[in-house]
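The values are calculated or read from the model by the stated rules, or taken from the named source; none is laboratory data. Only a predicted model underlies this, so the values are computations on that prediction, with no experimental measurement involved. Cβ coordinates were reconstructed from backbone atoms using ideal geometry, including for glycine residues, and neighbour counts include every protein chain displayed. Side chains included, ligands, DNA and RNA excluded: accessible areas come from the protein's heavy atoms. Shrake-Rupley method; radii C 1.70, N 1.55, O 1.52, S 1.80 Å.
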Amino acid sequence: MKTHAHVILAGAILAAISSVTCYAQVSSPLAIPGSVLWLDGDDLNGDGIKDTGASGALITSWVDKAVADGIHTVTVTAGAPTLDFGVAGTHNAVHFTGGSQDKLDNTAFNVMGDYTVFTVVQTDGATFGTHVLSGINNAGTDTVLYRAGDGAFDLYSGQSSGNVNVALATVAGATGYKLFGYQANSTGPDVGILQSVQSVFELGGGATGAQLNGIRIGNLDRSDPSNVTQSEAWNGHIAEVIIYNRKVTAAEATSVNKYLNSKYNLGVAFATGRGALIEKGNVTAGDQTTPSTLTPTSQAVVSQRVNVALSSKGGVGFAKDLIAAPYSPSHLNDGLYATGFDNPWIGANNQSFAGIKLAGATTIDEIGFQDEFPNRRNAAFIFEYTLDNLSGTPADPTFGLDPTVIDSKNWQILDVFQIQDTADTRYLFGFTPIAGVTGVRVRVESSQIQTAISELEVWQAVPEPATGGLAIAGGLGLLIRRWRRR
């Protein structure tokens, strides 16, 4: 049984996951030990050769390619799923009709204890009760991956596993292909996966209670014995299902994710390892009448850097969107932090961006930001920079700068950080200096509701002295030199 302490450790665990060095993608999911199910939409018959034919053909089975644990082929027990050729670029996938009885089952498949699930799915639209997979042998519903009617990609733990439901993210309407999965962990927090977002939660009852006893692809079971008449099929395509009978490591998960991202062009952002956390906090308390500001003991201040993001230094805040006034990108660089005195920027969607246009090309080596508000702090924060000329970008009275023009620039990923906070928190990240930067933005893919950012800092690099170390207090110099060696 997991304890509350495991959930408290979630932020540190996710930080470790997201700050790992780049890992090479695998050539096949079978390269990772513990593979117990691999359903490949390109190869329905499992002969190792890509299938060809006419789209719309009815299928009767989908052959498992993870042969080390026995072949757990899933077969049609009701409905009429079809095969589509050439979807997802050049790849095939199985199509399920939402609200139908389409499903593929294997009652002999069983994973107990820790396990990890990856799928690649596309949706034709958000309708109530569209299910990617579930168990089928237990009384009541096992763990279920599904999409709710409001567009949320959800994970339900099952009636015997705490009756917990977790919304990984909400994406309105029809979608392109998405990476969608989870990891059941008996000794630490469970993790949900949707694209770049890793959501920490507690399934309840440990991983054994959240086992997959039998498996159903494209639908779910609500009774015992297995119910073959349930009309809650997935509404769209399922291109890939990969399951491991253990908790894969962060490096292994990254390798599998990169394999799927490359194969289906999913657009997932991965941690690069270029950034390192220097400090947390170092802002004054503030209250409803007194603003919160950066303390003079912050490493960035002590090291005599200049925050070139500030409006007083010529920085211009911009955003893709916002929920409503007064949650404007103009608050990103006013030097004020999370209190009732200052309003943050809040994006209008689970996927958004906000950033700062700098006054001119600058060499930078630190970025800081503070999140704000309950449930608006949990997201993948994807930091990017551009060397493009932004001087001609049209101003926008609501979004600071024209969002379409800003998004058309060449943005390069600096690093990706997974944040799971229970209180407003300021972070400062350092990296090897980057010259010629004209703008910095953070793309957010949030796991719950829209993300709020109180302040975004961009710190100009301090030139290295000819000899000796940086003249700053205490152990900060050692810390800076450490991350600069990365």
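Direction-averaged shadow area of the convex hull around the Cα atoms of region 324-423, nm²? Working shown, then result.
Numbers: hull surface 28.1 nm².
The orientation-averaged projected area of the Cα hull of region 324-423 comes to 7.0 nm².
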SASA check, Ile242, accessible area w/ 1.4 Å probe, all protein chains in place, rounded to nearest 10 Å², comes out at 0 Å²
By average C-beta atoms within 10 angstrom, highest first, the peptides 69-82, 351-364, 134-147:
134-147, 351-364, 69-82
Show the residues, 5+ positions off or on another chain, whose built amide H is closer than 5 Å to the amide H of Glu455.
Gln370
Note on the chain: contact order normalised by length, alpha-carbon pairs under 8 Å, 6 or more apart, percent, works out to 17 percent
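Could you work out the relative contact order of region 76-132, using alpha carbon pairs under 8 angstrom and six or more residues apart, expressed as a whole percent? The partial results should precede the final answer.
Details: 48 pairs, mean separation 17.9, N = 57.
Value for region 76-132: 31 percent.
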Expressed per residue, the solvent accessible area of the chain in Å² (1.4 Å probe) is about 37 Å²
At 20 °C in a medium of viscosity 1.002 mPa s, the chain has a Stokes-Einstein diffusion coefficient, with Rh taken as the Kirkwood radius over alpha carbon pairs, in µm² per second, of 90 µm²/s
Classify region 354-404: rounded, prolate or oblate, from the alpha-carbon gyration tensor (a ≥ b ≥ c, eigenvalue square roots; a/c under 1.5 rounded; otherwise prolate if a/b is larger than b/c)?
oblate
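How much of the accessible area of the chain, in percent, comes from carbon and sulfur atoms when a 1.4 Å probe is used? Could the numbers behind the result be given before it?
On the way: 9760 of 17760 Å².
Carbon and sulfur atoms account for 55 percent of the accessible area of the chain.
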Among the lysines, select those whose C-alpha is under 16 Å from the C-alpha of Lys65, and discard any that sit fewer than 8 residues away in the same chain.
Lys50
Considering the Cα trace of region 234-307, what is its radius of gyration and what is Dmax, both in angstroms?
21.6, 56
Using the Cα centre as the reference, give the magnitude of the dipole from point charges on the C-beta atoms of the chain (Lys, Arg: +1; Asp, Glu: -1; all else neutral), rounded to the nearest 20 debye.
1120 debye
Sequence neighbours fewer than 8 away in the same chain don't count; with that in mind, list the aspartates and glutamates whose C-alpha is under 14 Å from Lys409.
Glu384, Asp388
